[in-house]
Amino acid sequence: MNQTTDAALAAAEAQNSEFLVFSLGDEEYAIDILKVQEIRGYENVTRIANTPDFIKGVTNLRGVIVPIVDLRIKFHLDKVEYAGQTVVIVVNVEDRIVGIVVDGVSDVMTLSPDQIKPAPEFGVTLSSDFLSGLGSLDDRMLVIVDIDKLLTSDEMALVEKVAE
Amino acid sequence: MDITDFYDTFFEEAEELLADMERHLLELDVDAPDAEQLNAIFRAAHSIKGGAGTFGFDVLQKTTHLFENLLDHARNGELTLRRDMVDTFLETKDMLNDQLDAYRNGEEPDQEAFERICQTLQRLALEEIGKGLEAAGGEAPTEPEAPAAEPKAPAAETEAPEPVAEADAGEAGGSGRRVVSLLGVGEKDRGLLVEELGQLGEVIEHHGDETRYEVVMESTVSDGDIEAVMCFIIDADQLEIRAEGEGSTVEASKPAAAKAEEATDPAGAKEAETATSAQADAGSAPQDKTDKPAAEPPKATEKPKPSGKPKPKAKSGGESSSIRVSVDKVDQIINLVGELIITQSMLDQTVSELEGPANGNLVNGMSLLQRNARDLQEAVMSIRMIPMDFVFSRFPRVVRETAGKLGKEIELVTEGAATELDKSLTERIIDPLTHLVRNSLDHGIEPPEAREAAGKPRTGKLTLSAKHQGGNIIIEVIDDGAGLNRDKLLAKARESGLNVSDTMSDDEVWQLIFAPGFSTAKEVTDVSGRGVGMDVVKRNIQGMGGHVLIMSTPGEGTTIRIVLPLTLAILDGMSIKVGSEMFILPLSAVLESLQPSREDLYAMAGDDVVLKVRDEYLPVVAVHEALDVSDARTELTETIAVIVQGEGRRYALLVDDLVGQQQVVVKNLETNYRKVPGVSAATILGDGSVALILDITGLHRLSREKKAARPARRAAPSLETVNDNELETSS
């Protein structure tokens, strides 16, 4: 092993990662593209009673029952509507498949480590624990979400905890 | 390729062999042992020993070796079996199981236990064989411990995971010095093979090149066995075995003459056997030896490979028609077929909307497809089904031991062992069933004296039965004991602070025994009486989608009936509509449906409503309330009441419409999501949408919780927190 510091090592690993950029209202978010399985339209979601409101229900993804989470509701966005642009990003998180509803998917971007700034401490809605950082690209700002941590967190109530 | 790749096969097979062995041991009539059974037990031990030797599981090999010797004497009639001996054998079998488990987990088996069991076996061997020989008189003295005084010594040191194949090979082989030629084997494999041969005997020299590599070895092992081992690594046609000095290849099916020779010289070379014991040996088991070779060659020629060698995997008789497949693969097929059925019904729906003569062929084709798809589904589902025998076969042991401990005389009868049940359910039913059986033995069946006093035969009868009924399997544990005592149960329930009354129906009283912490046993015994268990039994069975019923007649006995669905993968469902949402109710839970009339509905304290159905008041569960359906009918008399049964209780579920009955493929919600209250699983409907399968008791609980939450809210609305909004939406 040579003398590389941990930070540099991590940076080298994260070098030029690709992100899928999606929009929630006017905000732009990004997630690691390797987590994304597919993108599909929002349709045929069966509601599940007695669950938090951001869990829209479950849908049939080629025979697999997949829960659908609306991040717009989770992040308390003002306008939540289901229109033609509304899509579901199907992600793979810790051997689980989860669909997340977003207002639209814009593009795939490659960010180099120096374009990713550490996330500042946030408020309650989106804890900075669930962020990998903020990406800056020209005058745009991308909120890079650590989708693994977010979807398996207690507050998402998606995963049954062993203690229960 | 590494020999460790075959560990799993060995473990599985050894496990089966042990199960087999146990069955035979239990069936064994100590006074007049059946020779075939003794042989079967011996063969099982022998095969395990062979495998253990090859894979280097020393402890296992040594234990089985001692065990095998003892068994050998038993089957040769040199050892008179006693009941306690059979017990020791059973103990040894358990021990072997433990050792196997240890190896499977990559650990070394418990050394202390190993030494203990070895001593026991050796002592038995010393005592009994000595006695046996005296009794037999005049027979040549045999080494007491007699490690090699076994007719099958040739095969003993080899391995071949399959018991029958190996036993065959043992007879079909030769012994002494021979040349094993490896044709076209690479250098790496050669090393491995020579090493393997080293385990089978003594390698004297090895030389040659890739085209022909000769290994001269001294071995007591038969050709067939060498071949069987080698064939793990190379093909049969890459192998040539001949005795030294002999020119031609010796095939596994040697002439009977060679066999006779073998019989008189059971290859004691390795174990440095004395001539006397060898003679004794030949004398003691001539029958076995001379009979079999004659039967061998035809068997060998049946085998698919032209060389006629016994393949390690080949089985004899009916067994040869089965293959081993991992459950994952089967499940995958079942899933795929489930998808096919869904796609098929989607197509069906589309086709049914088409009209006109031009579509005639399409419609015909669809109905054919439907039939084929259903057949396919049925066939695939049957792969997962295994006979109840798998479960029942372990009970003779349980009954024997428990009865022994309790000093009771019990006869076990099993019925319907061929009834098939889903494999996952079979595995999960074992524990609850064991508990119920123990319970029946302990509490149900009286001691012999008490039975005689009551005018019943001394020996109690415990019946285990299994049968199909509709889409369910019914498993019963029936005893002819004293039956449940209503007064005692009620008294005990009061004592433990349960809410009971004298007017409770018998059914309800019997169900009390499933209450947590409930036991009427006067004292806690080793077998039962701790009051834990019965509630667990009930929970386990409910977890499998089944329920337990008890029928009992004082003085005549108790029947505990377990009703289970045949499979967890497919469910007969009734689709219902509440508002615009579709749900599925398990058809097995639905008793009837009716339109409630105003005069049959009674309000009770607070929001509770009961429905009177034929003199019975059933709690009403409004599905739309429990599941927050907004667009459902709220006028009670406009809804349909579906009378359902869950955990032995009845409820009236209020729904908007009954849609129809259909088979649905059960999909787990927990795979990607989590458990949802009131919902047991999900399924995919013909139109591709997801419908939730309702859990009746969960639904009732949910509706009660909601009702409980509501008044509190009315009283203190200001205390409401944001977190409650999920419960709020309904009102």
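The values are calculated or read from the model by the stated rules, or taken from the named source; none is laboratory data. Given the structure is predicted, the values throughout are model-derived calculations rather than measurements. Cβ placement follows ideal geometry from the backbone for every residue including glycine, while neighbour counts extend to all protein chains displayed.
Within the bounds of the range B:9-23, is there any residue that is more than 20 Å from B:PHE390 (Cβ to Cβ) and either buried (at least 23 other Cβ atoms within 10 Å of the Cβ) or modelled with pLDDT under 75 (or both)?
From the range B:9-23, those more than 20 Å from B:PHE390 (Cβ to Cβ) are B:10; that's our starting set.
If we keep only those that are either buried (at least 23 other Cβ atoms within 10 Å of the Cβ) or modelled with pLDDT under 75 (or both) too, we end up with B:10.
Yes; the residues of the range B:9-23 include at least one that is more than 20 Å from B:PHE390 (Cβ to Cβ) and either buried (at least 23 other Cβ atoms within 10 Å of the Cβ) or modelled with pLDDT under 75 (or both).
Yes/no per residue for (1) surrounded by fewer than 21 Cβ atoms within 10 Å (Cβ to Cβ); (2) more than 7 Å from chain A (Cβ to nearest Cβ); (3) not in a helix (DSSP H, G or I):
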| position | (1), (2), (3) |
| --- | --- |
| B:GLN663 | yes, yes, yes |
| B:ASN672 | no, no, yes |
| B:SER680 | no, yes, yes |
| B:ASP687 | yes, yes, yes |
| B:LEU692 | no, no, yes |
| B:GLY698 | yes, yes, no |
| B:SER703 | no, yes, no |
| B:LYS706 | yes, yes, no |
| B:ALA709 | yes, yes, no |
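Within the range A:64-109, take every residue that is small (Gly, Ala, Ser) and either farther than 26 Å from B:VAL629 by Cβ or assigned to a strand (DSSP E or B) (or both) and give me the one that is modelled with the lowest pLDDT. Can you show your working first?
Residues of the range A:64-109 that are small (Gly, Ala, Ser), as a first pass: A:83-84, A:99, A:104, A:106.
Imposing the further condition that a residue be either farther than 26 Å from B:VAL629 by Cβ or assigned to a strand (DSSP E or B) (or both) reduces the set to A:84, A:99, A:104, A:106.
Details: A:GLY84: 76, A:GLY99: 93, A:GLY104: 88, A:SER106: 88.
Checked the range A:64-109; the qualifying residue modelled with the lowest pLDDT is A:GLY84.
Just so you know, in the range A:50-63 the residues that are under 11 Å from B:GLY688 (Cα atoms) and more than 7 Å from chain B (Cβ to nearest Cβ) include one that is surrounded by the fewest Cβ atoms within 10 Å (Cβ to Cβ), and it is A:ARG62.
For the range B:423-538, please list each of the helices (runs of 4 or more DSSP H) lying entirely inside it that holds at least 3 residues being modelled with pLDDT under 85. Steps first, please.
Details: elements: B:423-439, B:448-453, B:486-495, B:506-511.
Ranges flagged: B:423-439, B:486-495, B:506-511.
Limited to the range A:54-89, what total is found for residues that are hydrophobic (A, V, I, L, M, F, W, C) and closer than 19 Å to B:LYS667 by Cα?
Start the filter on the range A:54-89 by keeping residues that are hydrophobic (A, V, I, L, M, F, W, C), which leaves A:54-55, A:58, A:61, A:64-66, A:68-69, A:71, A:73, A:75, A:77, A:80, A:83, A:87-89.
Those left that are additionally closer than 19 Å to B:LYS667 by Cα: A:55, A:58, A:61, A:64-66, A:68.
Total meeting the criteria: 7.
In the range A:33-49 there is no residue that is more than 23 Å from B:VAL665 (Cβ to Cβ), in a helix (DSSP H, G or I) and within 13 Å of another protein chain (Cβ to nearest Cβ).
Determine which member of the set A:VAL98, A:VAL66, A:VAL143 is out of contact with any His (no Cβ under 6 Å at 6 or more places or on another chain), more than 10 Å from every other protein chain (Cβ to nearest Cβ) and of a type in the set (A, V, I, L, M).
Working: A:VAL98 fails: more than 10 Å from every other protein chain (Cβ to nearest Cβ); A:VAL66 fails: more than 10 Å from every other protein chain (Cβ to nearest Cβ).
Matching residue, one of A:VAL98, A:VAL66, A:VAL143: A:VAL143.
Of all residues in the range A:134-150, those that are surrounded by 18 or more Cβ atoms within 10 Å (Cβ to Cβ) and modelled with pLDDT under 85 total 0.
Just to be sure, is B:ILE643 over 24 Å from A:ASN44 (Cβ atoms), of a type in the set (A, V, I, L, M, F, W, C) and either within 14 Å of another protein chain (Cβ to nearest Cβ) or assigned to a strand (DSSP E or B) (or both)? Yes.
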